[in-house]
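Below is one structure, written out as structure tokens; comments come after it.
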Amino acid sequence: MDNTPPFDDAGLFARLDELGLTHKTVEHEALFTVEQSRALRGNLDGAHIKNLFLRDKKRRMWLVTVLENREMDLKALRHRIGAQGNLSFGNADLLMQHLGIIPGAVTPFSVINDRDGNVTMVLDKALTDVDPVNAHPLRNDRTTAISPGDLMAFLEAENHAPLVLNFDEE
């Protein structure tokens, strides 16, 4: 396992800049839930997301990023992503170990810290059609807006090309 310290937001921004990806970040009080985010985001245009850090009985892990209002059926999702047994939420220790973040700061950007490639990225297809996509930049007191194309470019550059699922279809 790679023992390099995890990237922080400054390291993430430097990486986005290095890749030539456009991003804009606003600061706000720390947010831990989608409900808190809705109440405090003000007039941030674009897609707002929720992120699920999941694991199966074989200890495989997924980071699932979907529209914030998307209802998730974990039993159905498990079949779509090929999980073995039931899916459960990864705990705070696993989250820090593999994605270098704390609960409440889960974000697609956190794959930058999964240097060993243990986490599979799953992305809601609907997010590819809304510009920008708003996500925490590895901390939950900021929100970073990025175009869907630039988000995809980032994920691919970090060797986490996502499994894109259309959750509007059964």
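The values are calculated or read from the model by the stated rules, or taken from the named source; none is laboratory data. Here the structure is a predicted model, which is why all the values come from computation and not from measurement. Positions of Cβ are generated from backbone atoms using ideal geometry, with glycine treated the same way; all protein chains shown enter the neighbour counts.
Residues checked against (1) modelled with pLDDT of 95 or more; (2) assigned to a strand (DSSP E or B); (3) under 16 Å from the mean Cα position of the chain (by Cα); (4) among the aliphatic types (A, V, I, L, M):
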| site | (1), (2), (3), (4) |
| --- | --- |
| 2 | no, no, no, no |
| 6 | no, no, yes, no |
| 21 | yes, no, no, yes |
| 24 | yes, yes, no, no |
| 30 | no, no, no, yes |
| 35 | no, no, no, no |
| 39 | no, no, no, yes |
| 44 | no, no, no, yes |
| 69 | no, no, yes, no |
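Can you tell me which residue within region 122-143, out of those that are part of a strand (DSSP E or B), touching a helix residue (DSSP H, G or I) at 6+ places or on another chain (Cβ under 7 Å) and within 19 Å of residue 11 (Cβ to Cβ), is modelled with the lowest pLDDT?
Among them, the one singled out is 142.
Go through region 97-127 and count every residue that is more than 17 Å from residue 158 (Cα to Cα), under 14 Å from the mean Cα position of the chain (by Cα) and surrounded by fewer than 22 Cβ atoms within 10 Å (Cβ to Cβ).
Number of matching residues: 4.
Quick one: is residue 144 touching a residue at least 40 places away in the same chain (Cβ under 8 Å) and among the β-branched types (Val, Ile, Thr)?
The answer is yes for residue 144.
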